[in-house]
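Okay, so here's the structure we're looking at.
The values are calculated or read from the model by the stated rules, or taken from the named source; none is laboratory data. Computed from a prediction, not measured in an experiment: that's the story for all the values here. A quick note on method: Cβ atoms are made from the backbone with ideal geometry, for glycine too, and the neighbour counts reach across all protein chains shown.
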Amino acid sequence: MRILIATSNKGKLRDFAGAALVYGLTVDGLPDFALLPEAVEDGATFEENARKKAEHYSRFAGGALVLADDSGLAVDALGGAPGVYSARYAAGEAESGNSKDAANNAKLLRELETVAEAERGGKFVCVISAARDGREVVQFRGEAEGVILREARGAMGFGYDPLFYFPALGKSFAELTADEKALVSHRGAALRRFLEWARTQPG
């Protein structure tokens, strides 16, 4: 099975590829993705935004099943923020463009500066939507629980990975190899659920 992913984010593509490899499958970015009109991500939840993106981009894929995800970090002490605004946290909710990873991480550290260690819990969330010809076919959610560090660790991840400590492995997500991360990440969990579903489908 060939899986088309509606993203230009190299980190996301790397995460998806690592998870799919376990199943012997190939993950490709949607052809000419950068030239396509952008989907409007104005949903209040990860589920809404994932569906909007999948349905939008599948209209340009001629009958193929196109996957899109919406993912982010939800921190307990911040009431679930940055949530759906994770990619543009530093810029603010009103901005449409994404912020740089360093700026987002710096803001997160400032917001949590006075928060005690026992209250720095959070989770990464990923919702994957699969759509064909403009209509959602199926949707899956994956989560990874962790703790927000006080300083960055590791250089292999992207986004908030350097600040997200995964207790079961004793490492931040940015200290994990692609294979390690695929087994425990929110994106890997959501993709595995999709792949398990896909194996039951005709053809």
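The table below lists the values:
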read-out: Filter result for E55 (under 30 Å from V115 (Cα atoms) and touching a residue at least 60 places away in the same chain (Cβ under 8 Å)); value: no
read-out: Sole exception among (1) surrounded by fewer than 17 Cβ atoms within 10 Å (Cβ to Cβ); (2) assigned to a helix (DSSP H, G or I); (3) small (G, A, S) for G43, by number; value: (2)
read-out: Any pair with Cβ under 8 angstrom, 6 or more apart, that starts in segment 183-203 at a residue that is on the phi < 0 side of the Ramachandran plot and buried (at least 18 other Cβ atoms within 10 Å of the Cβ) and ends at one that is assigned to a helix (DSSP H, G or I) and of a type in the set (K, R); value: R187/K12; G188/K181
read-out: Residue satisfying all of: in segment 50-68; farther than 17 Å from F16 by Cβ and modelled with pLDDT of 90 or more; surrounded by the fewest Cβ atoms within 10 Å (Cβ to Cβ) among these; value: R59
read-out: Single residue of G83, G134 found to be small (G, A, S), at pLDDT 95 or above and crowded, with 16+ Cβ neighbours inside 10 Å; value: G83
read-out: For N9: the one exception among (1) within 26 Å of A178 (Cβ to Cβ); (2) among the polar types (S, T, N, Q); (3) loosely packed, with under 14 Cβ neighbours inside 10 Å; value: (3)
read-out: Residues satisfying the stated conditions in segment 150-175, i.e. modelled with pLDDT of 95 or more, surrounded by 16 or more Cβ atoms within 10 Å (Cβ to Cβ) and either aliphatic (A, V, I, L, M) or part of a strand (DSSP E or B) (or both); value: A152, L163, F164, Y165, F166, K171, S172, A174
read-out: L195 in contact with a Phe, Trp or Tyr (Cβ under 6 Å, 6 or more places away or on another chain) and either outside any loop (DSSP other than H, G, I, E, B) or of a type in the set (A, V, I, L, M) (or both); value: yes
